[in-house]
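Chemist: Questions regarding the structure given below will be posed in turn.
The values are calculated or read from the model by the stated rules, or taken from the named source; none is laboratory data. Since the model is a prediction, treat every value here as computed from it, not as a measurement. Because the Cβ atoms are built from the backbone with ideal geometry, glycine has one as well, and the counts that use them run over all protein chains shown. These area figures cover heavy atoms from the full protein model, side chains too; ligands, DNA and RNA do not enter into them. Shrake-Rupley method; radii C 1.70, N 1.55, O 1.52, S 1.80 Å.
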Amino acid sequence: MAAISEFRNGMAIRFNNDIWIITEFQHVTPGNWRAMVRTKLKNAKTGRVIENTFRMTDNIEAVRLEEKEMQYLYESDGSLYFMDTETYDQTFIAAEMLGDQTRFLKEGGMCFIRFLEGAPLTAELPGNIDFKVVEAEPGVRGDSASNVTKYCTIESGAKILVPLFIKEGDVIKIDTRTGKYLERVSRG
């Protein structure tokens, strides 16, 4: 059991017969009432986010998740296969576990997978990943208005909005949570 005062971001708890990850928490002491903690909880399996308030007298079961950084190998029949680079053990997860982030998977890329009792529970890509631009329309010379963008295709096959100066062969940094262009890492 864990005391409510021990809550922290990223902590996994068992609540309502499910595993939840604490994404936000705030200690609140309203007037002469007893202290409580307002939280935002993300369901580890479905990704659904709820808000809940816990009293300081509540006891919640803390769940220990093991997180491993694993290398993406390939996709087959809706499953994504990963390898532990230290032990060479392989595991697979359902593609839905990564959701929209699957468009940023590239062979040999790294992914964080959380395990509960040896079974994969959640998966998440690093926040920023560098990609090579494999296809980009040429920018029009003299078109220098601010915030002008075009689509390009990166090596994972995803189409991303980028500034006009990005060319085929450039390496760009992408935010995997939003799918937005961050910066050019190197010229092609």
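Chemist: Could you compute the net charge surrounding Lys40? Neighbours are other residues with a C-beta less than 14 Å from the C-beta of Lys40; K and R count +1, D and E count -1.
Modeler: Net of charged neighbours comes to +2.
Chemist: Could you check which residue among Ala95, Ala35, Ala136 shows the biggest mean-square fluctuation in a GNM of the chain with a 10 Å Cα cutoff?
Modeler: Ala35
Chemist: Any of Lys132/Lys167; Lys42/Lys159; Lys40/Lys68 with alpha carbons more than 18 Å apart? Name them for me.
Modeler: Distance filter (> 18 Å) returns Lys42/Lys159; Lys40/Lys68.
Chemist: Estimate the FRET efficiency between Thr57 and Asp175 by the formula 1/(1 + (r/R0)^6), using the beta-carbon distance for r and 45 Å for R0, to the nearest 0.05.
Modeler: With a Förster radius of 45 Å, E is 0.65.
Chemist: Over region 46-184, give the accessible area per residue in Å² for a 1.4 Å probe, as an integer.
Modeler: Per-residue value: 61 Å².
Chemist: Along Cα→Cβ, 7 Å out, is where each label goes; now give me the distance between the ones at Phe112 and Ala94 in nm to one decimal.
Modeler: Taking the simple label geometry, Phe112 and Ala94 are separated by 2.3 nm.
Chemist: May I pose another question? For volume of the Cα convex hull per residue in Å³, the choices are (1) 110; (2) 153; (3) 132; which was calculated from the structure?
Modeler: (2)
Chemist: According to a simple spin-label model (label point 7 Å from Cα along Cα-to-Cβ), what is the distance in nm between Glu86 and Ala119?
Modeler: 2.4
Chemist: For the chain, what % of the accessible area comes from carbon and sulfur atoms, probe 1.4 Å?
Modeler: Within the chain, the accessible surface is 45 percent carbon and sulfur.
Chemist: Multiply the residue gap between Lys159 and Ser186 by 0.36 nm, knock off their C-alpha separation, and tell me the result in nm, one decimal place.
Modeler: Working: separation 27, 0.36 × 27 = 9.72 nm, distance 1.89 nm.
That pair, Lys159 and Ser186, stretches by 7.8 nm at full extension.
Chemist: How would you classify region 73-146 from its alpha-carbon gyration tensor, with a ≥ b ≥ c the square roots of the eigenvalues: rounded for a/c under 1.5, else prolate if a/b is greater than b/c, otherwise oblate?
Modeler: It comes out prolate by the Cα gyration axes.
Chemist: Right, next: Note down the net charge around Ile113, summing +1 for each Lys or Arg and -1 for each Asp or Glu among other residues with Cβ under 11 Å from its Cβ.
Modeler: Values: positive: Lys68, Arg114; negative: Glu66, Glu67, Glu69, Asp84, Glu124.
Here the charged neighbours net out to -3.
Chemist: Once you keep just the Cα pairs under 8 angstrom separated by 6 or more residues, what percentage relative contact order results for region 74-188? Write down the numbers at each step before the final one.
Modeler: Numbers: 198 pairs, mean separation 22.4, N = 115.
That works out to 20 percent.
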